[in-house]
1. Return the average number of partner chain Cβ atoms within 10 angstrom of each residue Cβ along peptide B:174-186.
2. Would you please put B:18-25, B:389-396, B:456-463, B:174-181 in order of how densely packed they are, using the mean number of other Cβ atoms within 10 angstrom per residue and starting with the highest?
3. Nearest 10 degrees, 0 to 90: what angle lies between the long axis of helix B:435-457 and the longest principal axis of chain B (Cα atoms)?
4. Please report, in cubic angstrom per residue, the volume enclosed by the convex hull of the alpha-carbon atoms of segment B:31-137.
5. Only Cα pairs under 8 Å and at least 6 apart count here; give the relative contact order of chain B as a rounded whole percent.
6. Using Cα pairs closer than 8 Å and at least 6 residues apart in sequence, work out the relative contact order for segment B:88-191, in percent.
7. Among B:109-117, A:103-111, B:373-381, what's the highest-first ranking by average C-beta atoms within 10 angstrom per residue?
8. Percentage of Cα-Cα pair distances in segment A:76-155 greater than 15 Å, rounded to whole percent?
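What follows draws every value from the coordinates through simple rules; no lab data is involved. Every value quoted in this text rests on a predicted model; they were computed, and no experiment measured them. Glycine gets a Cβ as well: all are built from the backbone with ideal geometry, and neighbour counts include every protein chain shown.
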């Protein structure tokens, strides 16, 4: 399984390094004094990434050839997929809904995902903890957290 | 210099800063005790709160968490056979058998005392070695600094990875990410695609939050599924007071552990787990009763505990004097200092000598508070272990977003935190170490800057790196560390 993973990651990294090599070749060639220029360091790094990615791909291929046991790919548990999806939705909606409105349902669902089944706990901690964090940051540490920008929410 | 020492001591001993150290140590002990939480995560949770605080208060708080976390990890290792932190893994080998024999209190007492002595020893190392090392580092030229940073990266790759290719690749991906933004010499934008948010590159702290916290949140979901995360804790563990014979038995392993830990802590990337296992091995070889190791030996707890606590002070030495983090936790501390406009490195002892000594003495107080809280509040701390993950993990998830946003009041930082979180998950899936990437993010800009300054000075002649003794030394050490890692991998 590790061999397959190495090949997949190696190929992805080869593509990324080739993309960065193209982008590096497009950088302006400004050389002041003896300075090797702004593309010098990226060239070293992208070339190194390319060489190492090829090495990792070859390692993966060799381990498969040496008879590494082939295993079927297992999908991550549903709750992990839900968690990642929830996080994406949360940070996408945050600028529009603001911290308070967006974080209360996010927090409550997360509590449920992490095994919280007590109804009272979900009902109380769900809104109370995000509100406490909001007030702690806004009024104690004077760090403003995002407010709602949707007109309907009074932003 | 003497005035700076006094100022530093007075600053660290201000009641408000002492309070911060105490709170930090308390939080650190709790974080360290929770299986699945690392010290780095603990510091990340506290970090956003420190942005608006006085630098002295902030560093006292963070050092408290750092020191407390290291000790807290051993409590669950002894009571549950689940090391709270990787550094406490060696402690479990003898701590848990002692707990099974009904001597959990004695094991915890040994761990607390040994950790305290290890911490104090590393404070002395920090106090005496750091200023001298900073004075030497001031003589470094650009080529020496480049070679030093390069050495730091190679040693991290070789220690942090089972596969050298993956370790180096992780570091190179980190360096590639660092090239995004304005270049450090001329300020010309690179790989920004016209996005203003990318002009200053990715903020190091957002990367850190994402790389460490998000995979841990996911990992805890996995553990929840397999049911390995939760275990009931018994708070009836007897007295933690040690008798004279126990203290006498601890002398040799504590000495071995303290010296090993402080020395290995100075080497970037080695960290607590390696120091703990090496000192355990040394202590076993030096013991009159090696056969008791693994079956509940006091020496088997004292050596790794003193070692992993001594690592903390050791790791602060390269951080403060050279600007090179010894472990992920000190990398976060560098980020925290940079947020306050304080750049760790040799100039810290010249331009902000008072503050440099404030850090050193705050570290001393952190050890004192840690010991006091651990001895007096152990039962209460153990009870806190039963805090449900259903509350803890969502709080961490929320604080990741809040902490990233609070850095610059920018959603771009929140999105980049999430991007790094996904990158961290992918790396975990590939069994690719994340520490080289993290340290490349910390050191990458310096690496490029020193390289280009040196080459500019020599008009492009690369032989400049072989004209200075320091540079040659660091390059030789880099070569040795790479070849050693290659050799170890092949074995």
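1. Per residue, the number of nearby Cβ atoms from other chains is 5 on average.
2. Numbers: B:18-25: 24.4, B:389-396: 21.1, B:456-463: 13.1, B:174-181: 22.9.
Going from most to least packed, we get B:18-25, B:174-181, B:389-396, B:456-463.
3. Helix B:435-457 sits roughly 30 degrees off the main axis of chain B.
4. Enclosed volume per residue, from the Cα hull, is 115 Å³.
5. Reported relative contact order: 29 percent.
6. Numbers: 31 pairs, mean separation 9.3, N = 104.
The value is 9 percent.
7. On the way: B:109-117: 27.0, A:103-111: 22.7, B:373-381: 16.6.
Per-residue mean Cβ counts within 10 Å order the peptides as B:109-117, A:103-111, B:373-381.
8. Counting every Cα pair in segment A:76-155, those more than 15 Å apart make up 61 percent.
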